[in-house]
Amino acid sequence: MRNIVLLFLFFGLVGFTTRKIVAPLNAEVYASNRTIQWFGEELYALNQELNTALSTSDRSTLQLQYRKARQHYKHIEFWVEYFYPRPAKFYINGPLVPKYDEAFGNLRIEPNGFQRIEEILFASSESIDTSELYPEIRSLQQHLVPMFSTNYYSKMGISDGMLLEMCQIELHRIASLNLNGYDATITKDNIIETKACLEGIQKVIGFFGDNPSIANKPESEIVSIVAVSIQLQMEIDSAIAAIDRNTNYDSFNRLAFIRQHIFMLNISLIDFHQVLALPWSNRMQALDLKQRNLFSKAAYNPSYFAPYNFDTTLLDKKVALGRLLFFDPILSGDGKRSCASCHNPDLGFGDGQAKSIAMDKNGIVARNAPPLFNLAYANSFFDDGRAFSLEEQVSEVLHNKVEMRSSLKEICEKLKGSDEYQKLFAEAFEGSSGATITAYAVQRAIAAYERTLTSFNSRFDQYLAGNAKALTPREHNGYNLFAGKALCGSCHFLPLFSGITPPFYGETEFEVIGTPETSDNKALDADSGRCKITKRDLHLHAFKTPTVRNIAETAPYMHNGAYTKLEDVVEFYHKGGGVGLGFNVPNQTLPFDSLTLNATEKQDIVLFMKTLSDVSAAQKQKPKRLPSFGNNAALNARKIGGEY
Ligand code: HEC
Ligand code: HEC
């Protein structure tokens, strides 16, 4: 009797759905089966809204239909993005600029899908050309068709645990993309669309409440389930209420929303997962969804980002060895410079130069030395993305004539001259060929060390984690501008603030912003960037979006060190990048218009960026001594960290 009363309470609060469906075979797929069915209904409704649009040419009706269709899409975004990431990215919610699909031989894909339709309907006030619009709508409909196949989902083995994980991933997506103007770039409906995403999650949670198998659980378990579900429901309600209070893209307090609602909702979803005793999926993914703070270091799974042969055996020893190698000038052709010459821990792992100094102090190298933080969470290296792993990157720089002018073969021979190095390699690579000092062991050790250089405890991180005093009101406002009006967060994604794209972190964005040659903003920089690697015209002057973490420590800025002050960087964006400065950059992916920021707003953005410093890892890096080379006095006198 008690059970029944409790269950009734539970259903009442979580939202009873009256529709009957076929009884599930397994209690652990009850909610997912219900979701599959509801997904079909939402998809159908979406398609109907598009059909209605196809019967009118009236602008306001079309705009209304578009918005209705978007609401349905956002309800099921968590599902579409999970099961159909590629169609979602390129054909359904694709960007407003042409893109290459690297996984498909760099196939060039023109803007299409929702965002293209949005552009036709909202970007200008001229009358709507239906001969342009209708084919776009039909093409979007075509891309929705395969999603109706329920067979597909049963093949994927979807479970209720996975479903809750999908909701958590959606929360991460909301915080790092949706709220930051990643889509809805013209309507600026991002905030109201976020409400639709939350309604989708709410619906799914309701299905869990309907699960008849809960009645069979012991009473004490039911009590806990009810308690957690009430908490979860309250979190969703209050998040939605916060949106209802203000849906304005510019003035919405996104940082407070993330901290008070997204953050807490994630915790409640984890609690719900646990109290229902559902298994966690064993899918290899970037985010560890058991973590209560989805924006912390602990939430990232480094082995997801590392190459396939990433092994963690004797990792501490490999890291310690890699650290010595990183600071050892024996690695360079002339025995004078080490990695740390250009990646100096005292300078935020950069070198403070606009472009690094070449070997023999003879001229400069092509680009600015980037800081080396959080590279454990990256999958594309160098400004043009020419290396796919840190291991590969090491080989490149060692062989580079102007950077270290050496070779892995030569280095292995030299290192074998030190008993101490021999011992260190033997210990760190025990049981593998690396024990005898191989090229790969050198690469692997340095890369293992680099992966330990994390930076995730800035004042901004402390604020997100709950310390309300960690940011001043102006810094807080600076984040809201960064992620909102100034659009920075649509390329520098929270929380890594780089271009590796949340929430799956499989791809890195390269963008064309039109960086000038120097801070006088007179001419476009000549570096062709990613185009050098891919030979594709759209990649001309495209660069990897770097992180803005530790930015206060790593001046000068950009691939060429053009700017020395953050104020100048913000001014550059404010003017509309290269195009705004009057350069000819037809493929610029940054909006061309002025950001219309006032002086205080510009300062607040700079103040916010300065809260992203955490160089605690850097300060402790320099080793006290380097391995000895027996009685070779000249070698033993080499300078820790090398010269520069
Ligand atoms: C002469 C100065 C110099 C030296 C010495 C040097 N680097 Fe670099 N490093 C650079 C420059 C400049 C770049 C950017 C080049 C580019 O993007 O084309 C870079 C890029 C990198 C990157 C890519 C970072 C990213 O965000 O994509 C890594 C990792 C790196 N270096 C590690 C090392 C290691 C490890 C060593 C020693 C084996 C080393 N570097 C030695 C100047 C140097
Ligand atoms: C269209 C994508 C895009 C947008 C929007 C964007 N950035 Fe960037 N950002 C980049 C790229 C790409 C680079 C590297 C450019 C280069 O090296 O020439 C960069 C570089 C930077 C750098 C220098 C980083 C370094 O280590 O040198 C800072 C600082 C920065 N951006 C801040 C901002 C701010 C502030 C905003 C908003 C006002 C913003 N970005 C908007 C793509 C973007």
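Taking the number of Cβ atoms within 10 Å of each Cβ as an exposure proxy, the fewest-first ranking of T545, T564 is T564, T545.
Please label the shape of region 2-283 as rounded, prolate or oblate, based on the square roots a ≥ b ≥ c of the eigenvalues of the alpha-carbon gyration tensor (a/c under 1.5 means rounded; beyond that, a/b larger than b/c means prolate, else oblate).
prolate
Take the alpha carbon atoms of region 85-125, find their center, do the same for region 294-318, and report the distance between the two centers in whole angstrom. The two parts, judged by their Cα centres, are 33 Å apart. Semi-axes of the equivalent ellipsoid for region 193-258, computed as √(5λ) from the eigenvalues of its C-alpha gyration tensor and ordered from largest down, come to 31, 12, 7 Å.
Among Y82, S628, I120, pick out the residue whose Cα is farthest towards the positive end of the charge dipole of the chain, where Lys and Arg carry +1 and Asp and Glu carry -1 on C-beta, about the Cα centre. Result: S628. Over all other residues within a Cβ to Cβ distance under 13 Å of T454, the charged ones net out to +1, with Lys and Arg as +1 and Asp and Glu as -1. On C-alpha positions alone, give me the angle between the axis of helix 473-483 and the longest principal axis of the chain, in degrees, nearest 10. The answer is roughly 80 degrees.
Quick check on region 118-227: take the gyration tensor over C-alpha atoms, sort the square-rooted eigenvalues as a ≥ b ≥ c, and tell me if it's rounded (a/c under 1.5), prolate or oblate. The shape class here is prolate. With a threshold of 18 Å on the Cα-Cα distance, the over-threshold entries among K155/K290; K336/K401; K74/K195; K336/K639 are K155/K290. If you take the alpha carbon atoms of region 459-614 and fit the smallest convex hull around them, that volume is 109 Å³ per residue.
If we sort 267-275, 344-352 on the protection proxy, mean other Cβ atoms within 10 Å, highest first, what's the order?
344-352, 267-275
Other residues with beta-carbon under 11 Å from the beta-carbon of A618 carry, at +1 per Lys or Arg and -1 per Asp or Glu, a net charge of -1. The angle separating the long axis of helix 190-210 from the principal Cα axis of greatest extent in the chain is about 70 degrees. Sorted ascending by nearby beta carbons within 10 Å, beginning with the fewest, K469, K297 become K469, K297.
Reported to the nearest whole Å, the Cα centre-to-centre distance from region 585-612 to region 349-426 is 33. Using alpha carbons only, how many degrees (0 to 90, rounded to 10) separate the axis of helix 2-14 from the longest principal axis of the chain? It works out to around 70 degrees. Of the peptides 177-189, 618-630, the order by per-residue mean of other Cβ atoms within 10 Å, starting with the highest, comes out as 177-189, 618-630. For the listed peptides 399-409, 142-152, a ranking on the average number of other beta carbons within 10 Å per residue, highest first, reads 399-409, 142-152.
Which one of T247, V365, C531 has its Cα pushed farthest toward the positive end of the charge dipole of the chain, where Lys and Arg give +1 and Asp and Glu give -1 at the Cβ? Highest projection toward the positive end goes to V365. Mean residue ellipticity at 222 nm, helices only, the chain: -13500 deg cm²/dmol; runs of at least 4 DSSP H residues each add -39,500 (n - 2.57), and the sum is divided by the number of residues.
The alpha carbon gyration tensor of region 304-455 gives principal lengths a ≥ b ≥ c with a/c of 1.5 or higher and a/b no greater than b/c, which makes the shape oblate. Every Cα-Cα pair of the chain was included, and the share exceeding 36 Å stands at 44 percent.
Coordinate-derived values only; no laboratory data. Keep in mind it's a predicted model, so treat the numbers as computed, not measured. Heads up, the Cβs are rebuilt from the backbone with ideal geometry, glycines too, and the neighbour counts pull from every protein chain shown.
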